[in-house]
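Student: Dumping the structure here so I can ask a few things about it.
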Amino acid sequence: MGSTEEDTTTSKPTSLYDAASSTEPLLFKPTTGSAYPSPPIEEPPQSGPSESDPTQSLQISFNYGPRPFKDLPFLILFLLFVLCTFAFGIFSIFHRNDNYSNVSAFTYDSNSTSCVQDTSFLSSQLWVSETSFFALSSSSLWTYLVWTLVITSVLSVPICLLLLLLLKHYTKQIVYVLLPFFIIMPVFFDVYWFVACTLSSSCSDAFPLVYRILVFVFILLIVGVIVWIIVANWHRIELTVRIIGVASDALSRNLGLFLVIPLLTVGLLAYYASIVVFLVFSRFNGKIVAKESNGEYTCVWKQDSWVPAYFTLAILTMLWSLTSMVEAQVYVTSGTIAQWYFSKDDTKPHRGIRRSLRNAFGPSSGTICLSGLLVFVVRVVRAAVDSAREEDVPGIVNLVLRCCVNALMSAIDFLNKFTINFAAITGEAYCTSARMTYELLRRNLLSAVFVETVSTRLLAGVIFVFSSVYAIAVCAILKGVSDLGVNMYTVAALAWVLLILVLGFFVHVLDNVIDTVYICYAIDKDRGEVYKHEVHDVYFQLPISRNSRSSYPSRTLDV
């Protein structure tokens with residue numbers, strides 16, 4: 001298990017299954033003569049119903065061996081969407097009509113009964129456009145904004161690494177020091193905005209005193225909710241701090257993820273850029289025709305009939321690609337962290353990230369596409385339900401339908417919670433991974449839905465404080481070196497948004513690490529082994545923390 005070479009790890013008794021039996025189901029105890037490896041704790045053979053007891057220990061671990069392709073129909077369907085999008089996009093480029101942007105330059109010619117172009121009008125419009133562009137480019141606000149965002153992008157990398165280092169070594173100190181700022185910072189910005197808007201004549205004219213008071217009180221109510229959340233979860237903060245520390249340590253031992261995961265995002269943006277170009281050029285497919293109205297003819301643009309259908313196809317492909325890429329990032333993170341977890345020593349596994357990437361975009365690509373499709377469908381259906389709720393359509397049938405849809409969407413989220421994490425470890429298909437994850441957690445009295453959301457809230461508060469301090473520093477620097485006036489607040493706000501997005505991405509990766517370590521701990525508990533003692537020292541308290549008022553006994557791992 002602790003070996004890093006592919007040819008040796010597959011023969012270890014702690015692997016999930018041998019290559020010859022990789023297609024066999026994982027939910028049943030291996031029988032005599034099976035290709036499964038024998039369990040680490042040998043039990044005397046029993047006869048009768050006990051041989052098929054599903055509660056017996058299962059041989060689940062990271063599958064280093066060759067993995068068969070799973071969920072291929074969904075991969076083929078996804079590739080079909082992508083190929084059609086690119087094929088029609090390339091066709092739209094070569095079939096475009098360059099006169100699309102010059103419709104106003106065409107006039108109806110009664111002699112030829114067609115629309116002809118007015119060249120003098122086109123020249124004047126081009127000159128005006130170029131003049132406006134150069135005027136915009138010379139704006140000092142634009143210059144300061146670009147430089148601020150570029151510097152923020154560069155500084156976001158060391159800020160993320162610094163935050164990871166602090167969370168690894170000083171998690172408790174960081175959390176307890178920043179907890180008061182979760183309240184102080186919103187109150188400070190609320191009071192500062194209220195006073196500044198009252199003293200500014202333009203702001204006070206735009207926002208009357210009644211509206212300013214309403215916004216001021218609303219922000220204070222939000223702060224009150226934050227205080228209530230902190231007080232209600234105070235007994236879980238100590239455990240949450242330890243969970244964050246363990247996850248930060250695991251992530252720090254696999255720093256290559258900070259390069260791979262952003263590169264996957266950059267690849268998605270490049271992929272999106274090509275589709276956006278296709279969408280732009282698809283609008284150029286059509287012709288200028290004469291339209292008669294009340295006896296008068298005008299020149300209008302008539303779009304080809306296939307363009308709206310292509311827009312729908314391209315948008316669906318982009319949304320499916322987005323959710324699939326998010327699931328692929330979760331897969332790569334989970335596979336890499338699992339290899340580190342199941343290594344006996346603390347050294348980073350050799351070619352761990354490369355192996356996870358090869359599995360994600362190879363044998364498990366269909367599983368990722370299926371998971372992305374389910375997430376995409378859930379988001380679309382929930383958006384439709386929320387839209388219907390806002391319209392407040394009366395009727396008991398509509399209410400029952402909304403309840404049924406919400407229950408179905410919650411069930412899908414329930415199944416999808418740890419499915420990709422488990423698939424990254426075992427290489428199993430989506431449905432098998434969902435069923436196996438549920439049974440694994442149920443057998444070990446662990447929650448099938450990991451509701452330790454305090455860690456996410458604490459991390460969100462931490463990145464909010466970091467980003468706010470950075471925005472204040474940017475505002476102070478701009479006030480000293482520029483004459484932007486009130487525009488410096490806009491530049492500082494955009495820098496705050498950019499940094500909080502980058503740090504939010506960091507928190508997303510850390511959340512995936514927390515979920516992966518949780519699944520690895522469940523596998524350890526199921527097998528009766530301990531690969532990472534520091535993880536067991538923290539995660540075994542989770543059932544006690546969340547079920548302190550229930551009848552579940554306090555259980556520790558017998559080693």
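The values are calculated or read from the model by the stated rules, or taken from the named source; none is laboratory data. Every value quoted in this text rests on a predicted model; they were computed, and no experiment measured them. Here Cβ is always computed from backbone atoms with ideal geometry, including for glycine, and neighbour counts include all displayed protein chains. In case anyone asks, the SASA skips ligands and DNA or RNA and just uses the protein heavy atoms, side chains included. Shrake-Rupley method; radii C 1.70, N 1.55, O 1.52, S 1.80 Å.
Student: List the helices (runs of 4 or more DSSP H) that sit entirely inside the range 95-189 and contain at least 2 residues that are modelled with pLDDT under 65 and more than 30 Å from Gln303 (Cβ to Cβ).
Tutor: On the way: elements: 119-137, 140-169, 171-178.
Counting at least 2 such residues, we get 119-137.
Student: Mind listing whichever residues of the range 418-445 are free of Cβ contacts under 8 Å to residues at least 60 places away in the same chain and among the basic types (Lys, Arg)? Walk me through how you get there before you give the answer.
Tutor: Taking the range 418-445 and keeping what is free of Cβ contacts under 8 Å to residues at least 60 places away in the same chain, we get 419, 431, 434, 438, 442.
Answer for the range 418-445, where residues must be free of Cβ contacts under 8 Å to residues at least 60 places away in the same chain and among the basic types (Lys, Arg): just Arg442.
Student: Leu255 versus (1) open to solvent by 50 Å² or more (accessible area, probe 1.4 Å); (2) in a helix (DSSP H, G or I): which is the lone unmet condition?
Tutor: (2)
Student: Counting only residues that are among the hydroxyl-bearing types (Ser, Thr, Tyr) and either open to solvent by less than 10 Å² (accessible area, probe 1.4 Å) or within 20 Å of the chain's Cα centre (by Cα) (or both), which one in the range 458-473 is farthest from Val507 (Cα to Cα)? Please lay out each step first, then the result.
Tutor: So in the range 458-473, the residues among the hydroxyl-bearing types (Ser, Thr, Tyr) come out as 467-468, 470.
Those left that are additionally either open to solvent by less than 10 Å² (accessible area, probe 1.4 Å) or within 20 Å of the chain's Cα centre (by Cα) (or both): 467-468.
On the way: Ser467: 13, Ser468: 16 Å.
Top of the filtered list is Ser468.
Student: Since Ser282 meets every condition but one in (1) touching a strand residue (DSSP E or B) at 6+ places or on another chain (Cβ under 7 Å); (2) open to solvent by less than 20 Å² (accessible area, probe 1.4 Å), which condition does it not meet?
Tutor: Just one mismatch for Ser282, condition (1).
Student: Same structure again: Return the only residue of Leu149, Leu165 being open to solvent by 80 Å² or more (accessible area, probe 1.4 Å) and in contact (Cβ under 8 Å) with a residue 40 or more places away in the chain. Break it down stepwise before answering.
Tutor: Numbers: Leu149 fails: open to solvent by 80 Å² or more (accessible area, probe 1.4 Å).
Within the list Leu149, Leu165, the selection yields Leu165.
Student: Can you name the residue in the range 439-457 that is surrounded by 18 or more Cβ atoms within 10 Å (Cβ to Cβ) and part of a helix (DSSP H, G or I) and is also modelled with the highest pLDDT among such residues?
Tutor: Residue satisfying both the conditions and the ranking: Leu440.
Student: Kindly indicate the residue of the range 343-360 that is surrounded by 24 or more Cβ atoms within 10 Å (Cβ to Cβ) and in contact with a Ser or Thr (Cβ under 6 Å, 6 or more places away or on another chain) and also modelled with the lowest pLDDT among those meeting that condition. Spell out how you get there, then give the answer.
Tutor: Narrowing the range 343-360 to residues surrounded by 24 or more Cβ atoms within 10 Å (Cβ to Cβ): 349, 356, 360.
Narrowing the set further to residues that are in contact with a Ser or Thr (Cβ under 6 Å, 6 or more places away or on another chain) leaves 349, 356.
Details: Pro349: 69, Ser356: 90.
Only one residue tops the list, namely Pro349.
Student: May I pose another question? Within the set of pairs 6 or more residues apart or between chains, which connect a residue that is of a type outside the set (Ser, Thr, Tyr) and crowded, with 20+ Cβ neighbours inside 10 Å inside the range 314-335 to a residue that is modelled with pLDDT under 95 and not in a helix (DSSP H, G or I) with Cβ atoms less than 8 Å apart?
Tutor: That search, which allows pairs on different chains as well, returns Ala328/Phe361; Gly335/Phe62.
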